[in-house]
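Before any comments, here is the structure.
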Amino acid sequence: MLRYISKRLLYMLMSLFLIVTVTFFLMRAAPGGPFSSEKQVPPEIEKNLNEYYGLDRPWYIQYFDYLVSIAKWDFGPSFKYKGQTVNDLINEGFPVSFFLGMESLLIAISIGVLLGIIAALNHNKWQDYAAMVFAVLGISVPSFIMASILQYFLAIKLGWFPVARWESLQHTVLPALALAAMPMAFIARLTRSSMLEVLGNDYIRTAKAKGLSQGQITVKHAIRNAILPVVTYLGPLSAQILTGSFVIEKIFGIPGLGSHFVTSITNRDYTTIMGVTVFYSILLLLSVLLVDIAYGFIDPRIKLAGGKKGE
Amino acid sequence: MGKLLEVKNLEVSFQTYGGEVQAVRGVSFYLNKGETLAIVGESGSGKSVTSQTIMRLIPTPPGKIKNGQILFDGEDLVKKTDKEMEQIRGRDIGMIFQDPMTSLNPTMKVGHQIMEVIMKHQKLPKSAAKERAIELLRLVGIPMPEKRVNQYPHEFSGGMRQRAMIAIALASNPKLLIADEPTTALDVTIQAQILELMKDIQKKTGTAIIFITHDLGVVANVADRVAVMYAGKIVEMGTVDEIFYDPRHPYTWGLLASMPSLDSDDKAELASIPGSPPDLTNPPKGDAFAPRNPYAMKIDFEMEPPLFQISDTHYAATWLLHPDAPKVEPPEAVKRRLRKLSTNYPQPIIVRESE
Ligand SMILES: Nc1ncnc2c1ncn2[C@@H]1O[C@H](COP(=O)(O)OP(=O)(O)O)[C@@H](O)[C@H]1O
Ligand SMILES: [Mg+2]
């Protein structure tokens, strides 16, 4: 197990190195610089700025410096937020984004799995059709439209929740729902089809032949096996929630890392863009690793040994 | 000896897009306490549907019990509610399925899968159930049961899994064990071991067994009586001796002739019955076996044969037993083994008129 994890961490480091490299050169290749903005900056000042941020040195020096500072978990100063480092931005924005992401992950998984199971157990009955209509809507409506719909009905018309901002738990509900809608619908469909397949398996018939009730069969035999594809989906799901948060945080005016990221892109805030990209990459790589480990716990046939098959 | 199970005129159909598949068309048989009945027949003859209907495991819909009774200990299982059936399944009737590779839950420890039955029906606490599970694994001949009880199915070989399935089926000392082709998916040597095990277990526990197979070869070894099924009906039924040494139905002849016999090496004679079973969406008029039957007479294509009784225990449904039928010789492979049985009636008597 330990060997497996350390091996995976090594691979992660390698992927990270690639990501850092690619981001670095992509940013360089992009036209325009952080100071070539709409407002004209006098040439002397621009020269000074370039010197201050080290932009006048040859690219290989810049690249190497960047690698070293990233290894020291130092993403450098922000180009646009005066007096703030990228680390400051991350430390400040990430907890907010993390809370939002976890909340929507929780909503997406719990309600999605529940809907999928109800639909499968009532295959071709009205509960099944209702859940699937719901799921199709959730998948086909983009999150920013979902956000506006939720804001209009639940906040403006019914007044149950605040329209925007990030001040209390109440404020978190609508953005989390908007962010969760699409993954939730996807999970519902995934769970349903996986559950239908599992219910047709021989071992379900064995369980029935033992005298177990439908409820016992579902809880003890079906769900655990049906949940496996959902667990596999958790990796891409985290990525989806992460990228979804860019838009949602902007719409609801949430001071998270996502809105900082979007702002930094419009501002050509190079260090912030690169820093946040690297940070997000680490997050995603970690979540994929966690998913794989979780999978190994749920499915005993998967051995997390160092590559070789079990017995 | 009392009757444990009596199936009377059972009819089971499936509603499909192609129409109604009449999988079981009026099956009747009985089983005494502690006895082993083999049900043999080619694939598709309705053996699995019959046995799963006894357990009420047929998915409904598309399946439907159209007619008949299943008297188990005098109570009709057809009339039981689902809740009542839960008390009978696993406790009074245990079942073993054909494919041990898919019949166990891959994500649950084998021991736990055995314990479930014990905890459900015996209401034992967990620790006692585990003790019993280990004991059962030992009973079915699994070495190191204390270790095996904590393993997952993928750590078991095919034969070991089938032993574990038998342990599950036996967990609460059922009065009836239904084994649906328990050895078909296994190697020949493992097959023999599993058959030995089942015989051994019956001696120890006295449970009655319905043993389903498409291979007459294994029947002589395990069964007391044999029912031969074709196209959803039982065409012949009798003691092992009656079926092997005095068979009357041409379908039974065909099965016997295609069985490799131990006392002769004439592989050339080995031939399976030509043709294939009829489509049960539109079962043919008359005797369903007629199109494949070299002895078929005109009446076989028009009227279903009546059921004849040849001895107290021997029944066959074929026009060949009718007093007016011409005398025919069974195939050579069958003729060789024929014996005169002293228990036979002087003449076969009609017990059910043709329809
Ligand atoms: N769920 C089902 N839906 C439709 N037809 C079925 C179903 N189960 C069994 N049958 C049909 O019932 C007939 C008997 O099948 P089965 O009892 O499995 O045969 P056997 O066990 O003797 O090989 C076959 O024609 C099969 O196609
Ligand atoms: Mg079968």
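Observations
- Single match in A:Leu154, A:Leu242 (criterion: free of Cβ contacts under 8 Å to residues at least 60 places away in the same chain, more than 14 Å from chain B (Cβ to nearest Cβ) and surrounded by 16 or more Cβ atoms within 10 Å (Cβ to Cβ)): A:Leu154
- One residue from A:Glu249, A:Glu197 being of a type outside the set (Phe, Trp, Tyr) and either in contact with a strand residue (DSSP E or B) (Cβ under 8 Å, 6 or more places away or on another chain) or surrounded by fewer than 21 Cβ atoms within 10 Å (Cβ to Cβ) (or both): A:Glu197
- Restricting attention to the range B:41-54, the residues being modelled with pLDDT under 95 and more than 9 Å from ligand 1 (Cβ to nearest atom) number 0.
- Scanning the range A:202-224 for residues that are within 7 Å of chain B (Cβ to nearest Cβ), over 33 Å from the mean Cα position of the chain (by Cα) and within 24 Å of A:Ala294 (Cα to Cα) yields one hit, A:Tyr203.
- Test: residue in the range B:113-123 that is out of contact with any Gly (no Cβ under 9 Å at 6 or more places or on another chain) and either under 15 Å from A:Asp202 (Cα atoms) or within 9 Å of another protein chain (Cβ to nearest Cβ) (or both): yes
- Yes/no for B:Glu242 being away from ligand 2 (no atom under 16 Å from the Cβ) and in a strand (DSSP E or B): no
- Per-region count, the range B:1-22, residues surrounded by fewer than 19 Cβ atoms within 10 Å (Cβ to Cβ) and part of a strand (DSSP E or B): 9
- Elements of the type helices (runs of 4 or more DSSP H) sitting completely within the range B:46-125 and holding at least 3 residues that are within 30 Å of B:Ser157 (Cβ to Cβ): these cover B:47-54, B:110-121.
- Apart from one condition, B:Ile168 fits all of (1) within 16 Å of ligand 1 (Cβ to nearest atom); (2) assigned to a helix (DSSP H, G or I); the exception is (1).
- The one condition from (1) within 14 Å of chain A (Cβ to nearest Cβ); (2) away from ligand 1 (no atom under 14 Å from the Cβ) that B:Ile210 does not meet is (2).
- Checked against (1) exposed (fewer than 15 other Cβ atoms within 10 Å of the Cβ); (2) over 23 Å from A:Ala207 (Cβ atoms); (3) within 11 Å of ligand 1 (Cβ to nearest atom), B:Arg25 meets all criteria but (1).
- A single member of B:Arg148, B:Arg161 is farther than 12 Å from B:Ile96 by Cα, more than 10 Å from every other protein chain (Cβ to nearest Cβ) and not β-branched (Val, Ile, Thr), and it is B:Arg148.
- The set of residues in the range B:229-251 being farther than 20 Å from B:Ile96 by Cα and of a type in the set (A, V, I, L, M, F, W, C) consists of B:Ala231, B:Ile234, B:Val235, B:Met237, B:Val240, B:Ile243, B:Phe244.
- Residue in the range B:182-192 that is in contact with a His (Cβ under 9 Å, 6 or more places away or on another chain) and either at pLDDT below 90 or under 20 Å from B:Ile70 (Cβ atoms) (or both) present: yes
- Taking the conditions (1) crowded, with 16+ Cβ neighbours inside 10 Å; (2) within 14 Å of chain B (Cβ to nearest Cβ) in turn, A:Pro175 satisfies each one other than (2).
- Out of B:Thr189, B:Thr184, sole residue that is polar (S, T, N, Q), within 16 Å of ligand 1 (Cβ to nearest atom) and either assigned to a loop (DSSP other than H, G, I, E, B) or surrounded by fewer than 18 Cβ atoms within 10 Å (Cβ to Cβ) (or both): B:Thr184
The values are calculated or read from the model by the stated rules, or taken from the named source; none is laboratory data. It should be emphasised that the depicted structure is a prediction, and the values quoted were computed from it without experimental measurement. Cβ coordinates were reconstructed from backbone atoms using ideal geometry, including for glycine residues, and neighbour counts include every protein chain displayed.
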